[in-house]
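Peer 1: I have a structure here, written as structure tokens, and I will follow up with some questions on it.
The values are calculated or read from the model by the stated rules, or taken from the named source; none is laboratory data. This is a predicted model, so every value here is computed, not measured. Methodologically, a virtual Cβ is constructed for each residue, glycine included, from the backbone with ideal geometry; neighbour enumeration extends over all protein chains shown. Just so you know, the surface numbers come from the protein's heavy atoms only, side chains and all, with ligands and any DNA or RNA stripped out. Shrake-Rupley method; radii C 1.70, N 1.55, O 1.52, S 1.80 Å.
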Amino acid sequence: MSSVMHLKAGLCLWVCVSAVSAAQSPTRIASADLCADAYVFALAEAEHVRAVSWQAGQTVSSAPEWALELPRASGDAERLIGLGADLIVFGPAGAGDAASLLDRAGLAHLSLQWGETLHSVTGNLTLLGEALGREADVQNRIETLENRRDALSARAEARGMSPSVFYLSVTGGAAGAGTLVDEAIRLAGGRNAATDAGGEGWLPANAEWAFRVNPDLIVTSYFVDGYATRSNIGARHAAFQRLLEGRPRIDVPASAWSCAGPALMDAAEQIADALDQIAGPNG
């Protein structure tokens, strides 16, 4: 089944369980997790948002100021029912055990689709936009994203080179093919060093990566604005410290890719800016 068919099936499921009529757009929206937040903040009117995820306000969140005083939500069905929302939005992990209880309570809920590409971002924007009755706004946003993607392609062509880029998390993890980091690097016109070395998916901490790659740019994340953690191998291990020394490096805000959301393009543009500097005025 194609991704488009998956999205349509997801929307059909929402319509089937919804207590909101097709002629009435939701006006009391609750976001149940961090990824749902990113899409709700992008599309919903502030006055229509009843609650945001429990992670709103943390450094990994893209929550605007107006959202910080709102009630917090999670996957707890009792809490969600008590919020009085007429649409509850979940990220790709879905509603889980809460789904059946929400259905019994007659509460509409929508789960975004999993994906780590710009295509999945535009698909989820479309899915939520249709649920909110904001199709025209979504189309404008998608066109803007596509224009930004085309601008990045033009910059990469003008650069005349495809620099190697390596992603390093504060925990020492890396990201290979099939990840949103890989997508951002490719959108920026770079080559993912981990992918070139055979890495696929999200890669666990392994200091050997410091000896397997020779990148032109290192992209770090969660070094300065992520979760407090004792597993900060990426920041402390001597091998990674040597890799970081003397190389161009940027730190992409954790909120840009807590999931593949609209801010994925922001991360790609930040990487592209760094690649332009590496290429220089004649690049």
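Peer 1: Accessible area of the chain with a 1.4 Å probe: how many percent of it is carbon plus sulfur? Intermediate values should be presented prior to the final figure.
Peer 2: On the way: 6650 of 13020 Å².
The computed percentage sits at 51.
Peer 1: I've got another one for you. With all protein chains present and a 1.4 Å probe, how do Thr59, Thr179 order by accessible area, largest first? Let's see the in-between values first.
Peer 2: Values: Thr59 75, Thr179 5 Å².
Largest accessible area first, the list is Thr59, Thr179.
Peer 1: How large is ³J(HN,Hα) for each residue in the stretch 66-80, as worked out from phi by the Karplus curve 6.51 cos²θ - 1.76 cosθ + 1.60 (θ = phi - 60°), to whole Hz, x for Gly and Pro?
Peer 2: 5, 8, 6, 9, 7, x, 9, 10, 8, x, 6, 4, 4, 4, 5
Peer 1: Another one. Long-range amide H contacts for Leu87: which residues qualify at under 5 Å (H placed 1.01 Å from N, peptide plane, sequence gap of 5 or more or a different chain)?
Peer 2: Here Arg28, Ala30 satisfy the definition.
Peer 1: Still on this structure, please answer the following. How big is the Rg/Rh ratio for the chain, C-alpha atoms only, Rh by Kirkwood, two decimals? Intermediate values should be presented prior to the final figure.
Peer 2: On the way: Rg = 20.1 Å, Rh = 19.9 Å.
Reported Rg/Rh (Cα atoms, Kirkwood Rh): 1.01.
Peer 1: Can you give me the long-range amide H partners of Asn192? Hydrogens built in the peptide plane at 1.01 Å from N, cutoff under 5 Å, separation of 5 or more residues or another chain.
Peer 2: Residues meeting the criterion, in which the H sits 1.01 Å from N, are Val165.
Peer 1: Assuming R0 = 41 Å, can you tell me the calculated FRET efficiency for the pair Glu200 and Asp76, based on Cβ-Cβ distance, to the nearest 0.05?
Peer 2: On the way: r = 35 Å, r/R0 = 0.84.
Computed FRET efficiency for Glu200 and Asp76: 0.75.
Peer 1: When the solvent-accessible surface of protein heavy atoms is calculated with a 1.4 angstrom probe, in what order do Arg148, Arg141 fall, highest first? Write out the running numbers ahead of the final one.
Peer 2: Values: Arg148 60, Arg141 100 Å².
Of Arg148, Arg141, the descending order of accessible area is Arg141, Arg148.
Peer 1: Follow-up question, since we're still on this one. Per 0.36 nm of contour for each residue apart, how much would the distance between Trp66 and Ala238 grow if the chain were fully extended, relative to their Cα-Cα spacing? Walk me through the numbers before you get to the answer.
Peer 2: Values: separation 172, 0.36 × 172 = 61.92 nm, distance 4.22 nm.
Result for the pair: 57.7 nm of gain on full extension.
Peer 1: Between Asp97 and Glu135, how many nm apart are label points set 7 Å from Cα along the C-beta direction?
Peer 2: 3.9 nm
Peer 1: Let me ask another. Using a 1.4 angstrom probe, figure out how much accessible area the stretch 93-250 has per residue, in square angstrom, rounded to the nearest whole.
Peer 2: On the way: 7460 Å² over 158 residues.
Here the per-residue accessible area is 47 Å².
Peer 1: Moving to a separate point now. Which of Ala95, Ala154, Ala38 ends up with the largest GNM mean-square fluctuation for the chain, with Cα atoms connected below 10 Å?
Peer 2: Looking only at Ala95, Ala154, Ala38, the biggest GNM fluctuation is shown by Ala154.
Peer 1: Here is a further query. For Glu47 and Glu143, calculate 0.36 nm times their separation in residues minus their Cα-Cα distance, and state this gained length in nm to one decimal. Don't jump to the answer; show the numbers that get you there.
Peer 2: Working: separation 96, 0.36 × 96 = 34.56 nm, distance 2.53 nm.
32.0 nm is the gain from fully extending Glu47 to Glu143.
Peer 1: Follow-up. Leaving out ligands and nucleic acids, note down the accessible area per residue over the stretch 50-89 with a 1.4 angstrom probe, in whole Å². Show your work: numbers first, answer last.
Peer 2: Numbers: 1870 Å² over 40 residues.
Using a 1.4 Å probe on heavy atoms only, each residue of the stretch 50-89 averages 47 Å².
Peer 1: What is the Cα centroid distance between the stretch 157-208 and the stretch 76-99, reported in whole angstrom?
Peer 2: Each part's Cα centre sits 34 Å from the other's.
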